[in-house]
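*Asks:* Submitted below is the structure of interest, expressed as structure tokens.
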Amino acid sequence: MKHTSLDDLKVVSTVRADPQTGELSRNERLERWAKLLERAPDRRLATLRGTEYEPPDVRHGMRASGSAISVAFEDPVLRRQGLKSDTYGDAKEFFNLDDWQLHGIVCYCHFGASMSAETAARCVRATISQPTGPGIFERLARMLIRSTR
């Protein structure tokens, strides 16, 4: 293989910058994830069992080979953007999702042991317009818990 400098390549070809070199916004990351899932809409994806019942430190490390999160982690662009692994916690942080949003995308209780990639893509897209942070019911539950202590 011959190594050629970028300046030499410019003489013989057009060199374009990678359009994905800039930082993607939250919505752009989610949209990319949905598109990756849609590439094989019938693909069966593993779900994560009981995400809503595990303590935060256990939930953070949860993963399943062949899950919707694994599809995102297989993408070199999302890894370059900062997706560290295919764990629940890293996906939650990278996509800026709250627990209920990610639970709605990957949890066993909604889909059984597996789900189609097409369904996962719809669930990912549904989070794009949702604000992050606790919803009204979670805020009320927190207030009730605090008032009973």
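Rule-based calculations on the coordinates, nothing more; no lab input. What you see is a predicted model, and the numbers here were worked out from it, not measured in a lab. No Cβ is skipped: glycine too gets one built from the backbone with ideal geometry, and neighbour counts run over all protein chains shown.
*Asks:* Give just the number: which of (1) in a helix (DSSP H, G or I); (2) of a type in the set (S, T, N, Q); (3) farther than 16 Å from THR127 by Cβ does GLN101 not satisfy?
*Replies:* It is condition (3) that GLN101 fails.
*Asks:* Check off (1) farther than 16 Å from TYR53 by Cα; (2) crowded, with 20+ Cβ neighbours inside 10 Å; (3) free of Cβ contacts under 8 Å to residues at least 40 places away in the same chain for ALA120 and give me the number that stays unchecked.
*Replies:* (3)
*Asks:* Say we look at segment 26-57 and pick out the residues that are small (Gly, Ala, Ser) and under 17 Å from the mean Cα position of the chain (by Cα); which of these is surrounded by the fewest Cβ atoms within 10 Å (Cβ to Cβ)?
*Replies:* ALA40
*Asks:* For a quick check of your reading of the model, give me the residue pairs whose first member lies in segment 29-42 and is at negative phi and without any contact (Cβ under 8 Å) to a residue 60 or more places away in the chain, whose second is in a loop (DSSP other than H, G, I, E, B) and of a type in the set (A, V, I, L, M, F, W, C), with beta-carbon atoms closer than 9 Å and at least 6 apart or on different chains.
*Replies:* These pairs meet every condition: ARG32/LEU24.
*Asks:* While we're looking at this one, here's another question. So which residues in segment 70-89 are assigned to a loop (DSSP other than H, G, I, E, B) and surrounded by fewer than 14 Cβ atoms within 10 Å (Cβ to Cβ)?
*Replies:* GLU74, GLY82, LYS84
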